[in-house]
Amino acid sequence: MESKNYAPGILQYIPFFYVIWSDDLLSASEIAIIKKALENDDSLLDQQRKTLKSWLKRTAPPADLEFKHWKRTISRSKVKLIESETYPLTAFSQKLVCHYYEECPFNAQLKYIETNLGIQPNHYNHLFDVEVVHARTSNYYDANELDHILKGKHAETIDTFRSFLEQPSFKWKIHRNKDQFRNVVLDQVKLLGDSGYGAMAFQEAYGGSDDMEGYAAIFENLMYVDGSLTIKFGVQFGLFGGSIQKLGTKEHHDLYLKPAGEAQLLGCFAMTETGHGSNVRGIKTTATHDPATDEIIIHTPGKNDNKEYIGNALHATMATVFAQLIVNGKNEGVHAILVPLRDKDHRLLAGIHVEDNGYKLGLNGVDNGKIWFDQVRVPRKNLLNKYGNILDDGTYHSHIKNPNKRFFTMLGTLVGGRICVARAGLGGAKFALTVAIRHALRRRQFNDSIKIQEDLLMDYPSHQLRLTPLVASAYVYHIVLEKIMGAYCTAEGEDTREVETQVAGLKSLITWYANSTIQECREACGGKGYLLENRIADLRGDVDIFTTFEGDNTVLLQLAAKGVLADFKTEFNSAGFASVLKLLGTQLGDRLSAINPAYTRKTDAEHLYDSKFHKHAFNYRTRRLTYTLALRIRDQIKKGVPSYQAFLKVQTHLLALGKAYSTELAYNLFSEFTMTIADEKNRSLFQKLGTLHALYEIRKDAEWFLEQGYLSGTKSKAIRQRVERLCTELRPHVEILVGGFGIPEHCMTAPIAF
Ligand SMILES: Cc1cc2nc3c(=O)[nH]c(=O)nc-3n(C[C@H](O)[C@H](O)[C@H](O)COP(=O)(O)OP(=O)(O)OC[C@H]3O[C@@H](n4cnc5c(N)ncnc54)[C@H](O)[C@@H]3O)c2cc1C
């Protein structure tokens, strides 16, 4: 094939047209940008402008032969594409003109197209048969700025804490012996307690700074040291200390909070039993008031009624024991009682038996164990009596009359722990992503036979698609957990219930995300990801259980869904259900039935990148699932099925609603936050991350959206293409993005990350 000689005016646009037409997503807005550049380009003759415009018709794309001429003109030039240039494609075009002609001035209109279309070298470098000089990363964004945005108002606390972790005691090591490992972790916890970090969430009078939000932030950062340390820290200060703080009254605070916060008094949180885990209300341990001695007798009545999996069981001198409180022969429901376990020489007290739970899948630095109580007597004042008390006259009193409400109020005070577990899961995911991405920016595998150097893993579109949306989601979930902790700390009255519903859903969503992310990172690192030294293996074992403790995810999601339905709960159980449905119908019906066919087929970039579209899609899914769920429950109730059974019949629907609701909530919280970022460059980056997260989430559930007719097949396909495109657009910035997580270098011990 003869190559065609293009005039310089045309020639300079050829690389651009070649790239644009190779990307089958050419949209009306992209064409408008190019047309504008052509209009403003004084270097063009009228005829040249006309020719170039004729190549912009979506209905009549340039002929294949023209396309081949473009390609040949480019490859014959042997011009190098230098990715690290500020405007690589503009510079490439300029050099192409220089190859064929003497003069080749810089053309500002080309730069205009390159920046406004956001064309990145990794979109097109594979298209040219030319040598590409790769840049591993771009420094367009600044990791410190991103880290600063994520740290928010806790910047000072977090920075000080990260420096604190530099001391040798926190150096990560491989431990294969659980007893030695537990001692190392115990010493670390004591050091943290001694340095004031354990008490952070307590009031000043007890050595703290009343800073639960700061506590959650440092909790996440502990994951960069070790998962076992994080969880033991959480058990000692969050669960044991937190139960005294939230369920106890001043006398308990004065006696125990300070030593608990300093880790002088080691404690555990004994709720779960072998026989009862998720169903806390069904626990069998009894706490019977004996009016004769004014003591409470703690007892394990039968086989499988022992406490199990209790963290700190082997090191603790005291336990917060959850038991059925029996006063004057009446069961007043589950309450918490402080029970000493060991004497000052660490010997078990009479009537108490403890056994080690042994080796676990992960978290082997935490001493989980089983505990039995045989008629163990403690003074009446050991009852943590904020919500239910035994008075001096031996009668029971609570200001919350409804036992159901009392139970949920007590458990609700521990919701902060759920947020912290999600935070820790997120910390694990961020760590794994940082290791995997840094590795992918160093590791090379395969090339075509022309190139000497093999390609970086990170330059494979599949690798970009595997990891980049997960990085975007880490940013989203970080902000979400910050916001939800803020809401939890300030919620009062009715708002408390709403926050609890939200936390139940978000904890599930984020700990599942953390697990799948860590697994993806393990695989993305190949064999190296399997080695303990690279940390991902331990993270996988440690974070796994986050889906189960502090509330099993499947159980929590149902709680979240029921929370969504809660406003209609009483009506579900009564004859007035029809009116509820009517209400739901008027709220939901119009919006649900009126999906315009043109909307379901809309595939242009503006629409797909518009947060209004994402919000609408998530909201539509939540509303439709709520509405159809309500209809199904109504049908059951109409048939006379009792409400417990009716809910069982729609259980999988409830789970779908729980997920949909939490996904919508997460996106909305993040989206609102992005509007508050003052700096425009970083704001648009955060918005782009939100867009990638949203489109990725919609794609994940494309099956449902297609079933409902909310998306047409072409729109679903366009979303997939946009996800891939966003991943490649973010490719040059991915190292900076994981740098923005702010994981201190002294914690980043994985050899493959260097
Ligand atoms: C390492 C570790 C540390 C722990 N630390 C502590 C601690 O310090 N203190 C403490 O009190 N507890 C602790 N736990 C216990 C933990 O909180 C429980 O394991 C958890 O609450 C789940 O209870 P379970 O194991 O009995 O599982 P189950 O409740 O038996 O659940 C088993 C499975 O059944 C499913 N399931 C249960 N109910 C339903 C339902 N209604 N609908 C649908 N599916 C359902 C669940 O999704 C789950 O998949 C710890 C556990 C571990 C493993």
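The values are calculated or read from the model by the stated rules, or taken from the named source; none is laboratory data. Please read all numbers here as calculations on a predicted model, not as lab measurements. In this analysis, Cβ positions are derived from the backbone assuming ideal geometry, glycine residues included, and neighbour counts consider all displayed protein chains. Side chains included, ligands, DNA and RNA excluded: accessible areas come from the protein's heavy atoms. Shrake-Rupley method; radii C 1.70, N 1.55, O 1.52, S 1.80 Å.
Tabulated values for the structure
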| read-out | value |
| --- | --- |
| Scan of the stretch 79-106 for residues that are closer than 16 Å to Tyr18 by Cβ and in a loop (DSSP other than H, G, I, E, B), ordered by number | Val79 |
| Residue count for the stretch 391-405, restricted to those that are hydrophobic (A, V, I, L, M, F, W, C) and surrounded by 13 or more Cβ atoms within 10 Å (Cβ to Cβ) | 1 |
| Odd one out for Ser508 among (1) within 16 Å of the ligand (Cβ to nearest atom); (2) within 14 Å of the chain's Cα centre (by Cα); (3) more than 22 Å from Thr622 (Cβ to Cβ) | (3) |
| Flag for Gly527 being surrounded by 14 or more Cβ atoms within 10 Å (Cβ to Cβ) and modelled with pLDDT of 75 or more | no |
| Within the stretch 239-251, tally of residues that are crowded, with 18+ Cβ neighbours inside 10 Å and either more than 24 Å from Ile400 (Cβ to Cβ) or more than 10 Å from the ligand (Cβ to nearest atom) (or both) | 8 |
| Among residues of the stretch 268-310, those that are within 16 Å of the ligand (Cβ to nearest atom), open to solvent by 70 Å² or more (accessible area, probe 1.4 Å) and in contact (Cβ under 8 Å) with a residue 40 or more places away in the chain, counted | 4 |
| Test: residue in the stretch 435-445 that is modelled with pLDDT of 95 or more, within 30 Å of Thr300 (Cβ to Cβ) and out of contact with any His (no Cβ under 9 Å at 6 or more places or on another chain) | no |
| Neighbours by Cβ (under 9 Å, 6+ apart or cross-chain): first from the stretch 350-371, open to solvent by less than 60 Å² (accessible area, probe 1.4 Å); second part of a loop (DSSP other than H, G, I, E, B) and basic (Lys, Arg) | Asn364/Arg176; Val366/Lys360; Asn368/Lys360 |
| Any chance Gln519 is more than 25 Å from Arg683 (Cα to Cα), open to solvent by 50 Å² or more (accessible area, probe 1.4 Å) and in a helix (DSSP H, G or I) | yes |
| Evaluation of Tyr6 against (1) among the hydroxyl-bearing types (Ser, Thr, Tyr); (2) assigned to a helix (DSSP H, G or I); (3) modelled with pLDDT of 90 or more (one fails), failing number | (2) |
| Residue check, Leu470 free of Cβ contacts under 8 Å to residues at least 60 places away in the same chain, buried (at least 20 other Cβ atoms within 10 Å of the Cβ), under 26 Å from Leu737 (Cα atoms) and hydrophobic (A, V, I, L, M, F, W, C) | yes |
| Lone qualifier among Leu314, Leu265 - being of a type in the set (A, V, I, L, M) and away from the ligand (no atom under 14 Å from the Cβ) | Leu265 |
| Subset of the stretch 24-48 [surrounded by 16 or more Cβ atoms within 10 Å (Cβ to Cβ) and in a loop (DSSP other than H, G, I, E, B)] | Leu26, Ser27, Asp41, Leu44 |
| Verdict on Glu145 being in contact (Cβ under 8 Å) with a residue 40 or more places away in the chain and open to solvent by less than 40 Å² (accessible area, probe 1.4 Å) | no |
| Subset of the stretch 549-560 that is touching a Lys or Arg at 6+ places or on another chain (Cβ under 9 Å) and either within 6 Å of the ligand (Cβ to nearest atom) or in a helix (DSSP H, G or I) (or both) - its residue that is farthest from Glu494 (Cα to Cα) | Asn553 |
| Among (1) in contact with a Ser or Thr (Cβ under 7 Å, 6 or more places away or on another chain); (2) modelled with pLDDT under 95 - the single one Ala630 does not satisfy | (1) |
| Enumeration of residues in the stretch 372-383 that are surrounded by 20 or more Cβ atoms within 10 Å (Cβ to Cβ) and within 15 Å of the ligand (Cβ to nearest atom) | Phe373 |
| Among (1) within 22 Å of Ile298 (Cα to Cα); (2) touching a helix residue (DSSP H, G or I) at 6+ places or on another chain (Cβ under 6 Å), the one test that Leu361 misses | (1) |
| Hits in the stretch 277-312 (condition: among the acidic types (Asp, Glu) and touching a Pro at 6+ places or on another chain (Cβ under 8 Å)) | Asp294, Glu295 |
| Answer from Asp211, Asp254, Asp226 - the residue that is farther than 18 Å from Leu411 by Cα, open to solvent by 10 Å² or more (accessible area, probe 1.4 Å), within 16 Å of the ligand (Cβ to nearest atom) and not β-branched (Val, Ile, Thr) | Asp226 |
| Residue among Leu314, Leu325, Leu349 that alone is over 18 Å from Asn382 (Cβ atoms) and not charged (D, E, K, R) | Leu314 |
| Check on Ile119, closer than 30 Å to Phe686 by Cβ, modelled with pLDDT under 95 and surrounded by 14 or more Cβ atoms within 10 Å (Cβ to Cβ) | yes |
| Residue in the stretch 58-70 that is most open to solvent (accessible area, probe 1.4 Å), counting only those that are farther than 14 Å from Tyr18 by Cβ and free of Cβ contacts under 8 Å to residues at least 12 places away in the same chain | Thr59 |
| Among the candidates Thr51, Thr73, Thr86, residue that is exposed (fewer than 13 other Cβ atoms within 10 Å of the Cβ) and out of contact with any strand residue (DSSP E or B) (no Cβ under 9 Å at 6 or more places or on another chain) | Thr86 |
| Residues located in the stretch 446-478, provided they are modelled with pLDDT of 85 or more and among the polar types (S, T, N, Q) | Ser462, Gln464, Thr468, Ser473 |
| All helices (runs of 4 or more DSSP H) inside the stretch 597-716 with 3 or more residues being small (Gly, Ala, Ser) | 611-638, 651-674, 680-700 |
